[in-house]
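Report on the structure given below.
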Amino acid sequence: MEMQEVLENMFLPLPGVPPILITKTEGVYLYDSSGARFIDASGGPMAVTIGHGRKEVAEAAKRGLEQVTYILPVFASESRIELVKRIKKLMPPELNEVYFCSGGSEANEAAIKFARQYQVLAGRESKYKVVSRNLSYHGMTLLTLSIGDVKMRQRDFIPMLWKNPRVEPHYCYRCPYGKEYPRCDIDCALNLEKRILEEGPETVSAFIAEPVVASAGGGLVPPPEYFPIIRETCDKYDVLFIADEVVSGFGRTGKNMAMDHFGVVPDIATFAKGASSAYAPLAGMVVRGELTDLYKEKEAEFQHLYTFSGHPLSCAVANEVQRILEEEGLIARAGEMGKYLEKKLWELMELPMVGDIRGKGLLWSIEFVKNKTTKEPFPRAKNVKMHIIATCLLKGVFFYPGYWEDDQDRGDHIMIAPPFIITEEQIDECIGVLRETLEESQHTVLSG
Ligand SMILES: Cc1ncc(COP(=O)(O)O)c(C=O)c1O
C-alpha cells in the first residue's frame, strides 16, 4: 500500500489539508517530513503537558521494560508502587485509593461500575442510574457515549444507547434557564436535586461531571457556588459524585486537579491524558478510602479488570513525566502561562465572529458566532471551526475542534490547550496566526 493511501486511511480529515506525515516531535512542535514545523496548540487532544520528545521519558520507558515487561494487577512492581505514591501526593487526602486503566473512556466506565457495585454492597440495590450533564463528553464506549452529549458521535448509535437522566450544565453564555450570573439562583446546580427527586433517589447511583468542561462545551467554568451545591445534594441522597478529570486533571487548569479550584472533594476522580502527558496509554480513578473500605469489609472484589491496567511500561513513563512536572514546577507554570494566554485571547474579542472566550489555566475555548448580538451560530454547512483549524494548520499552528451543537446541529468552537512549557513568544505566534485567519475568513464566513 502506498504511503499516501495509508495516511488517508488513518487521518482525521480536515477540509483542504492533505494528510501530514509527522516525523519528529519536540517541545511544543510537530515537524513534518519536509522539516516544516507546527505548534501543537492543543497538546494533542488536550493531553500533552511536559512537551514532546523528552529523552528522559524514552530512557525511563526502556529501563521500565527491561525491569518488568508485564504483570497482572495482583502483583506489584516498583514503577506501579512509585506511581501510586506520586498520584496520591497530588490528590486531596480523602482520595487515597488508586485504580488503573489505559484510557479515559475506560476510567469513566470503571468509575460508574465501581459506584454501582458500592451501592449494592451498601444494601442499596435499587440505585443504578447515573445523572450526567448536557454538553459533556465522557468517552466512546457505549456506556460513556450514552451519558455524554456529543451529538455527532452518538447519531448512528442512538438505538443502542442507554437513556440516562440529564441536567443542564453551567453554560452562562447561553444560560439554559435564560438567567444571568450572579443574579441567577445557580439553577443549573439546584436542578440536580429536582432531577434526583423526579427519578426517585432510591434509583440514582451517581452523578458525573467534568469540573471544567473540555471539548463538548468548550472551557465551561462553573461559578464558585456550583460544586458546593452539587456536593451537598449528592450527600443528601447517597449519590456518588464522579469528577471526570480526564482532561482537567494533573495540572491542566493550573492546580493539581481542577476540583481543587472549588474546594470540593468528589467521591471518585477519573484521570487519563495528562497523567502520562500522552507519552503512553495510562488512565485510572482515585477513590475515597471509605468506599473501598466497604469492599474490604464485605470481602468483595471490584468486578472489573483490563489486561493493560497499570501496565509497567505506562507506569514507568508516567513516573518520569510526573517527576518532570514536579521538579520543573510545571503545574504552577500552567497557571501563569494560562493568565498570559487568557489576556491574549481576550484581545480577539473585538473580532465580529468571536462570541465567547472561556476557560481556566491552559484549557481555553473560543466560540464563534454569526451574529454577536443575537449569538446566532453559523449554519452547519459552513463548517466554520474545521475551516479555521485547517487554515491555522496550514499557517503552522494546530488547534483542536470543539463539539457543541445546538438543536439545529449548529455550533462552532475550538480548543486551545498547549503543553505547559509553552512560552509567551509561542503563545503570541499562535494568537497571531488565529487573528490573521479570523480576519481573512470573516468576510467569506459572515456574508451569506
Ligand atoms: C472529559 C473527557 N472524558 C473522557 C474522555 C475519554 O478519554 P479517552 O479518549 O482516553 O478514552 C475524554 C477524551 O477526550 C474527555 O475529554
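The values are calculated or read from the model by the stated rules, or taken from the named source; none is laboratory data. The structure presented is a predicted model; accordingly, all values stated were derived computationally and were not measured. Reconstructed Cβ throughout: ideal geometry from the backbone, glycine too, with neighbour counts over all protein chains shown. Ligands, DNA and RNA are excluded from the accessible area calculation, which covers all protein heavy atoms including side chains. Shrake-Rupley method; radii C 1.70, N 1.55, O 1.52, S 1.80 Å.
Before moving on, here are some points about what is shown:
- Each Lys or Arg adds one and each Asp or Glu takes one away; over the other residues whose Cβ falls under 12 Å from the Cβ of residue 365, this sums to -1.
- Note on segment 197-272: Cα-Cα pairs beyond 22 Å make up 22% of the total pair count.
- Residue 267 accessible area, assembled protein chains, probe 1.4 Å, Å²: 10
- Stokes-Einstein D in µm²/s, Kirkwood radius over Cα pairs - segment 341-430 at 10 °C with 1.306 mPa s viscosity: 116
- Rounded accessible area of residue 259 (nearest 10 Å², 1.4 Å probe): 0
- Phi to ³J(HN,Hα) by Karplus 6.51 cos²θ - 1.76 cosθ + 1.60 over segment 116-123, Hz, x for Gly, Pro: 4, 5, 4, 4, 4, 5, 7, x
- Length-normalised contact order for the chain - Cα pairs under 8 Å, 6+ apart - percent: 22
- Shape summary of segment 53-200, radius of gyration then Dmax from alpha carbon positions: 20.3, 60 Å.
- When 404, 346 are compared by accessible area at a 1.4 angstrom probe, the order from most to least is 346, 404.
- Normalised by the number of residues in segment 111-196, the mean separation of alpha-carbon contacts (under 8 Å, six or more apart) gives a relative contact order of 23 percent.
- Accessible-area composition of the chain, carbon plus sulfur, in percent [1.4 Å probe]: 54
- In segment 257-384, Rg over Rh equals 1.11, where Rg is the alpha-carbon radius of gyration and Rh the Kirkwood radius from pairwise Cα distances.
- For segment 265-339, the convex hull spanned by the alpha carbon atoms encloses 122 Å³ per residue.
- Computed from backbone phi, the HN-Hα couplings of segment 318-326 come to 5, 4, 5, 4, 5, 4, 4, 4, 6 Hz, rounded to whole numbers (Karplus: 6.51 cos²θ - 1.76 cosθ + 1.60, θ = phi - 60°; Gly and Pro given as x).
- Rounded, prolate or oblate (a/c below 1.5 giving rounded, otherwise prolate when a/b exceeds b/c) for segment 223-320 by Cα gyration tensor: oblate
- With K and R counted +1 and D and E -1, the other residues having a Cβ less than 13 Å from that of residue 30 yield a net charge of -1.
- Divide the volume of the convex hull around the Cα atoms of segment 96-154 by the residue count and you get 96 Å³ per residue.
- Sequence-ordered 3J(HN,Hα) estimates for segment 150-156 from the Karplus curve with 6.51, -1.76 and 1.60 and θ = phi - 60° stand at 9, 4, 5, 6, 8, 2, 6 Hz, glycine and proline given as x.
- Cα principal axis extents for segment 1-137, largest first, Å: 62, 42, 33
- For the chain, with +1 on Lys and Arg beta carbons and -1 on Asp and Glu, the positive-most of 295, 15, 230 along the dipole: 230
- Three semi-axes describe the equivalent ellipsoid of segment 385-446; taken as square roots of 5 times the Cα gyration tensor eigenvalues and ordered largest first, they are 23, 16, 8 Å.
- Neighbours of residue 305 by Cβ distance under 15 Å: Lys/Arg scored +1, Asp/Glu scored -1, total -1.
- Dividing the mean sequence gap of close Cα pairs (under 8 Å, 6+ apart) by how many residues segment 169-280 holds gives a relative contact order of 24 percent.
- Shape summary of segment 20-90, radius of gyration then Dmax from alpha carbon positions: 16.2, 47 Å.
- Relative intensity of the chain on a log10 scale, I(q)/I(0) at q = 0.10, 0.12 Å⁻¹, equals -0.72, -1.05, per a Debye sum over C-alpha point scatterers of equal strength in the absence of solvent.
- C-alpha center-to-center spacing [segment 390-448, segment 245-314] in angstrom: 31
- Segment 78-101-segment 211-228 distance, computed between alpha-carbon centres (Å): 25
- Solvent-accessible surface of the chain, taken per residue with a 1.4 Å probe and all protein chains present: 42 Å².
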